[in-house]
1. Taking Gly275, is it part of a strand (DSSP E or B), crowded, with 20+ Cβ neighbours inside 10 Å and within 26 Å of the chain's Cα centre (by Cα)?
2. Name the residue that is farthest from Ala331 (Cα to Cα), counting only residues in the stretch 186-200 that are under 31 Å from the mean Cα position of the chain (by Cα) and surrounded by 15 or more Cβ atoms within 10 Å (Cβ to Cβ).
3. Which one of Glu466, Glu431 is surrounded by fewer than 22 Cβ atoms within 10 Å (Cβ to Cβ), under 23 Å from Val376 (Cα atoms) and either touching a strand residue (DSSP E or B) at 6+ places or on another chain (Cβ under 9 Å) or of a type in the set (Gly, Ala, Ser) (or both)?
4. Quick one: which of Asp43, Asp36, Asp91 is assigned to a helix (DSSP H, G or I), among the charged types (D, E, K, R) and out of contact with any Ser or Thr (no Cβ under 8 Å at 6 or more places or on another chain)?
5. Filtering the stretch 278-291 down to residues that are among the charged types (D, E, K, R) and assigned to a loop (DSSP other than H, G, I, E, B), which residue is farthest from the chain's Cα centre (by Cα)?
6. Quick check, is Ala203 within 25 Å of Gly81 (Cα to Cα) and surrounded by 14 or more Cβ atoms within 10 Å (Cβ to Cβ)?
7. Phe59 is checked against (1) aromatic (Phe, Trp, Tyr); (2) at pLDDT 95 or above; (3) surrounded by fewer than 24 Cβ atoms within 10 Å (Cβ to Cβ) and fails just one. What number does that condition carry?
8. Determine which member of the set Gly88, Gly69 is surrounded by 24 or more Cβ atoms within 10 Å (Cβ to Cβ) and not hydrophobic (A, V, I, L, M, F, W, C).
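The values are calculated or read from the model by the stated rules, or taken from the named source; none is laboratory data. Keep in mind it's a predicted model, so treat the numbers as computed, not measured. Using ideal geometry, Cβ is built from the backbone for each residue, glycine included, and neighbour counts are taken over all protein chains shown.
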Amino acid sequence: MSAAQEVKTTAQVLVDCLKAEGVEVIFGIPGEENLDLMFAIKDAGIRFIPTRHEQGAAFMADVYGRLTGRAGVCLATLGPGATNLVTGVADAFLDGAPLVAITGQVSSELMQFTSHQYLDLSAMFSPITKRSKVVMRPDTISEICRLAFKYAESGKPGATHIDLPKNVAHMASPARPLHRQQAPALYADPASVAAAAMMISEAKNPVILAGAGAVRGEAAQAVTTMAERLHIPVVQTMMGKGIIPCDNKYRLGVVGIPQHDYIIDAFDMADLVIGIGYDLVECAPKKWHTHDDMRIVNIAALPADVNQEYDPDVEVIGDLSDSIYQILRTARRDKMPEPEAMLAVGAHLHGELEEQGRDDAFPMRTGRLIFDIRKVLGRSDILVSDVGAHKIWIGREYPCYEPKTCLISNGFASMGFAVPGAFAAKLLHPERRVLAVCGDGGFMMNSQELETAVREHVPFVTLIWEDSHYGLIKWKEEEQFGDVFGVEFTNPDFKAYAESMHCHGYRVESTEDFIPTLERAFANVDAPSVVVVPVDYSANMQLTETLRANYA
């Protein structure tokens, strides 16, 4: 190194590596152990967004990764800062969202002692990440960073972790950023393509099961083309919503609610299931694998996980769109004995929502809320669902026209996902309407990030379905025990709560007032808005009893 060349610290080199990876924003909360890193970020001009809780930072990075395909980055200090990241990091790991978490750490010479706030963070993050490494030597930082992004963004995406001790961050480092590697396009073996095309051509009643991998693989157009050209109905998982437009006649609906739903009728009729980007973490195969005569073709970027209920006869592994179009070169389907019966399943579910959309009861019913939300949001607008009873209804009934316009955590399925997730979505897409839909339980788990949104001028809308219960657990208790226990709570005045954080606050007082109120909320561009609506969840047990009667 010449005397004219600047000697950089490990923290500065790490930031140079982040810039080389294309990182434009980092979410997090700093601490004493990562101050060198913080000022390196400042000097480099990367946008740093201080959040009000590290879990919120991790969820923001999670959704950033889902929407861009590039790893979102979150940062925390050691000890409690790092442990607060865990839920959001685990969510990205199971849901397949690329994320890199960076934590501060005690100086390396203290790691063999019982030290203040010290935990073995690499051991803690290892089960919930694809790779977790401690930077013990300054010269390794560029390799550790490049590998963190490579692992986070490749294969099935997920979370990775870098742990940077305080003293190592301050040491001089000779490392330099490494080039991002262009992942080669991988194409399916022609023999598997031919075998899949033959099975699809010979099947009497095939059905496509499209999952999160089809969304990540940008395969929406290919899936829709296969459905239309070969006349094959499409079932989606919750994280596969929008892979085929909801107004396409071959779109049946969504699989994944806990109950035996109408959509399982399509699998009862199917002799072949074509899994496209199907991820077992979302919906166990035993929920839809209803008979032994069912055969399976798996079209995916990676081989299927091992499961006796999902044991493909043929696997077509490679770029999803290319695989589908190669299959379409030879597959032919002209005679279909049962397509109308399968399509009737989708028509039934669509008609059910139309009927619920005419329900004027107040507090509002779930179907009417979803029906009216769909009226307010455009085709490309984004709904981010929290986890709770409302997630079941949104997953089952909310119509989607495009992928990545209904974001649901359904692998890890963590409450508290929606508010920070909506923040990240609106940050990326300021031109779209972004709606966070929360239960009153999930909202209070990360409501503090509304202050972050006010400070950063990110005006999304949060809609709270209020019933003063942990609604999904209440529903399960009623199903299994006929009673409820430990799920009731009281709420603050959500309108006043929102206004206290300088948001716009609204409370819906009638069903007729809901759409005008939501429109007023979206008209606010100076600050986020919060709309609270009392909800009647009686439809939960009504659905349970109906499905029990139909499938007893």
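1. Against the criterion (part of a strand (DSSP E or B), crowded, with 20+ Cβ neighbours inside 10 Å and within 26 Å of the chain's Cα centre (by Cα)), Gly275 qualifies.
2. Applying the filter and picking the extreme gives Ala188.
3. Only one candidate passes the filter, namely Glu466.
4. After applying the criteria, what remains is Asp43.
5. Applying the filter and picking the extreme gives Asp279.
6. Taking the combined requirement at face value, the residue does not satisfy it.
7. For Phe59, the failing item is (3).
8. The conditions single out Gly88.
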